Amino acid sequence: MRYFQYFVITLIVFFFIITGCRKERFTEDMGDKLEFSIDTLRFDTVFSERGSATRAIKVFNRHNRSIRIDEITLEGNSSYRINVDGTPTAMIQDVEIAPEDSLYIFAEVEIDPMDTENPFIILDSIRFETNGNTQYVFLEAFGQDANYVGESYRLGVLTCDGGTAVWDDVKPYVVLGFLFVDNCNIIINPGVDIHFQGGISRDTIDGNILNLPNGTMYISETSSLQANGQLGNPIRFLTDRIEPEFEDVPGQWGTIWLAPGSLNNFMNYTEIRNSTIGVRVDSAAELNIHNSTIYETASSALLGVHADITGSNCLIFDISINNVQLEFGGNYHFTHCTFANETNNRYLSHSDPVLRMSNFFIPGRDAEGNAIIWENELNATFENCIFYGTRPDEILLIDPEEVTAGFNYNFNHCLIKKDTLNTDLPYFNNPVLVESTNDFSFLDSREFDYRLDSIINPAIGAGTTMLAFPSPVDLDGVPRGGMPDIGAYEFQE
């Protein structure tokens, strides 16, 4: 009996020795990836004073074998800290998760929201290296005490049930994601800054995945936008990246998009920069824009598609495509505007004319491969305006023979870079034609100074007072007396 007991004890000891020495079976299949409780960890509290907040991420191993995470790394922003399953760290290796098990990662952010040197949105990520795979969980927190509108990297809706939303806070407004303004009239008071988050919004509607241009304010047909800036106290639409290295970078956000049928849209003393398109005005929508500046866009600055646009005393410069692009007809009237492209911006490669106009649109092709052409009459008038840039031809008019819709335009007392247009036609009333900087130049376009340079400038005194929409003062508020100068500025000795 004693020998039998010794035998049993020996078997038990041997069993524990064998199982204790056996190596854990870890999956090495690249197809076996981690899963996360969330793809972006958002700290959506706007702090009123310096503080911190902690959020949790759950990391899952959904497989029937253990998984070893080779490395978990906080990518770099010092505002964040992480704790992996109880271990505070910025980088940890060889983290194991048993089959069908999980672990917690706690992330903490500490910021001073009153520090205006902070970015509006502080981003970072946690990187996971597993079986040759690299996966990320993104971290996002608000870095300044501001008015955040919309949903980050998603489609957000702003509505006020047919009423009015007034933006008049001294704190800046930050538009997150793609902001759909529905049944709401937005009024923006002087001096307000609106910053836009860049990137691409990704959302799902009715089971369909949508990729939308991030940092876009879409004004629906039941809504309107009134930006009531003042001389010396303008409204600014610009990027949310406030670091100096992003100051002159185009294409950092989407656009201000006036949907088909949106009426009563107004901009005065408004500055728009760093966008992809400055303002897009769609079919039967209307915009009155005065004393405003658009620059450093990655596409066209002012895009009208079968729209109604009236503008005066506007300066549009440093544009990658067209300063003004008018497609599929519409009704347009511009007075005392300067459209210039002499850019020295290293991010821009200007190869298109400052003005492009057409009276048609091609939405696609029919079953035989023939272009489907939609037509609409164009009526465009430019008075006392400057069209100038580095191209030999700065005006492009597209009126195909097969399109029968009207193509009506009038350049009245405008200074135009000499091109191949037949300026003897009645569409050009007393034009001032120039060929090079020997004939015409701005005071200092490299420093964004588009005032007239000297008393012998051909634009001085060359305008007309017989205007449909006269401008008694220029963009700087200088009175226009006698025979006005052409462009947005009166010459000052």
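Things worth noting here:
- Just one of the listed residues (PRO172, PRO190, PRO244) is more than 21 Å from CYS314 (Cα to Cα), at pLDDT 95 or above and not hydrophobic (A, V, I, L, M, F, W, C), and it is PRO172.
- Hits in region 291-320 - residues which are within 22 Å of LEU378 (Cα to Cα), free of Cβ contacts under 8 Å to residues at least 60 places away in the same chain and not in a loop (DSSP other than H, G, I, E, B): LEU302, LEU303, GLY304, VAL305, ALA307, ASP308, ILE309, GLY311, ILE316
- Taking residues in region 242-255 that are under 15 Å from ASN345 (Cβ atoms), and partners anywhere that are of a type in the set (A, V, I, L, M, F, W, C) and assigned to a loop (DSSP other than H, G, I, E, B), the pairs with Cβ atoms closer than 7 Å and at least 6 places apart or on different chains are PRO250/ALA298; PRO250/LEU348; GLY251/ALA298.
- Qualifying positions in region 431-484 - under 24 Å from THR270 (Cβ atoms), loosely packed, with under 14 Cβ neighbours inside 10 Å and of a type in the set (Asp, Glu): ASP444, GLU447, ASP449
Here is a yes/no grid of residues against (1) surrounded by fewer than 15 Cβ atoms within 10 Å (Cβ to Cβ); (2) part of a strand (DSSP E or B); (3) polar (S, T, N, Q):
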| position | (1), (2), (3) |
| --- | --- |
| ASN118 | no, no, yes |
| TYR148 | no, yes, no |
| GLU151 | no, yes, no |
| VAL170 | yes, no, no |
| VAL175 | no, yes, no |
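- Failed criterion for GLU75 (all others in (1) crowded, with 16+ Cβ neighbours inside 10 Å; (2) within 30 Å of PHE246 (Cα to Cα) hold): (1)
- Residue match in region 375-392 (condition: among the hydrophobic types (A, V, I, L, M, F, W, C) and surrounded by fewer than 21 Cβ atoms within 10 Å (Cβ to Cβ)): no
The values are calculated or read from the model by the stated rules, or taken from the named source; none is laboratory data. Just so we're clear, the structure is a prediction, and the values are computed from it rather than from any experiment. Methodologically, a virtual Cβ is constructed for each residue, glycine included, from the backbone with ideal geometry; neighbour enumeration extends over all protein chains shown.
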